[in-house]
């Protein structure tokens, strides 16, 4: 779980609408029409993130298992070529 940097209290409006405060929108570069991901944590909290933030977390997770200098794309291509040669 990531550390909480800041929080704000807000009230849910009609239809379940929540307003993301301007400060957060500005700092995260959220413009009207931006896509956000809302997920529920194991603790029952709601997490609002951007797809880019999710991609950064996924890359960080995968990078723990890849040696520096290795290319997963090159490994995948080599594997596909070997499979193609067997067929």
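Values in this text are rule-based calculations from the coordinates and carry no lab data. From a predicted model like this one, the values you see are computed outputs, not experimental measurements. Here the Cβ is made from the backbone with ideal geometry for all residues, glycine too, and neighbour counts use every protein chain on show.
Scan segment 35-74 for residues that are more than 22 Å from residue 24 (Cβ to Cβ) and assigned to a loop (DSSP other than H, G, I, E, B) and jot them down. Answer for segment 35-74, where residues must be more than 22 Å from residue 24 (Cβ to Cβ) and assigned to a loop (DSSP other than H, G, I, E, B): 42, 64, 65, 66, 67, 68, 69, 70, 71. When the residues of segment 1-28 are filtered to those that are assigned to a helix (DSSP H, G or I) and closer than 22 Å to residue 57 by Cα, the one that is farthest from the chain's Cα centre (by Cα) is 26. Answer yes or no: is there a residue in segment 59-81 that is under 21 Å from residue 3 (Cβ atoms), surrounded by fewer than 10 Cβ atoms within 10 Å (Cβ to Cβ) and touching a strand residue (DSSP E or B) at 6+ places or on another chain (Cβ under 8 Å). Looking through segment 59-81, none of the residues is under 21 Å from residue 3 (Cβ atoms), surrounded by fewer than 10 Cβ atoms within 10 Å (Cβ to Cβ) and touching a strand residue (DSSP E or B) at 6+ places or on another chain (Cβ under 8 Å).
Condition (residue is out of contact with any strand residue (DSSP E or B) (no Cβ under 6 Å at 6 or more places or on another chain) and closer than 30 Å to residue 72 by Cα) applied to segment 5-28: is it met by at least one residue?
yes
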